Amino acid sequence: MTEIELFRARADEAGNAAAGCELDNVRERHLRSQAAWEAMAVRAERVATQRALNEAEKEARAVAF
């Protein structure tokens, strides 16, 4: 399981927990947690994409010389 998949799984768990809550404050806590996990997944995807672009650029420069 990749880091991104882990973050998405945790976000899903928090969302499911929020759906099953009767107490408003607990539901809100789970929803905040879900949003935080989702933000981490998005950030990790952005980093992975940028890392791949940087590697491709590095390889292209190496081939050019």
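For the range 52-59, check the following and say yes or no: at least one residue is open to solvent by 60 Å² or more (accessible area, probe 1.4 Å), part of a helix (DSSP H, G or I), small (Gly, Ala, Ser) and over 18 Å from Thr2 (Cβ atoms). Scanning the range 52-59 turns up no residue that is open to solvent by 60 Å² or more (accessible area, probe 1.4 Å), part of a helix (DSSP H, G or I), small (Gly, Ala, Ser) and over 18 Å from Thr2 (Cβ atoms). Scanning the range 16-51 for residues that are in a helix (DSSP H, G or I) and over 19 Å from the mean Cα position of the chain (by Cα) gives Ala19, Asp24, Asn25, Val26, Arg27, Glu28.
Residues in the range 1-18 that are among the small types (Gly, Ala, Ser) and surrounded by fewer than 16 Cβ atoms within 10 Å (Cβ to Cβ): Ala9 only. Exactly one residue among Ala9, Ala36, Ala14 is at pLDDT 95 or above and in contact with a His (Cβ under 7 Å, 6 or more places away or on another chain), and that residue is Ala14.
The values are calculated or read from the model by the stated rules, or taken from the named source; none is laboratory data. These figures come from a predicted structure and were not determined experimentally. Glycine gets a Cβ as well: all are built from the backbone with ideal geometry, and neighbour counts include every protein chain shown. The accessibility values were calculated without ligands, DNA or RNA, using every heavy atom of the protein model including side chains. Shrake-Rupley method; radii C 1.70, N 1.55, O 1.52, S 1.80 Å.
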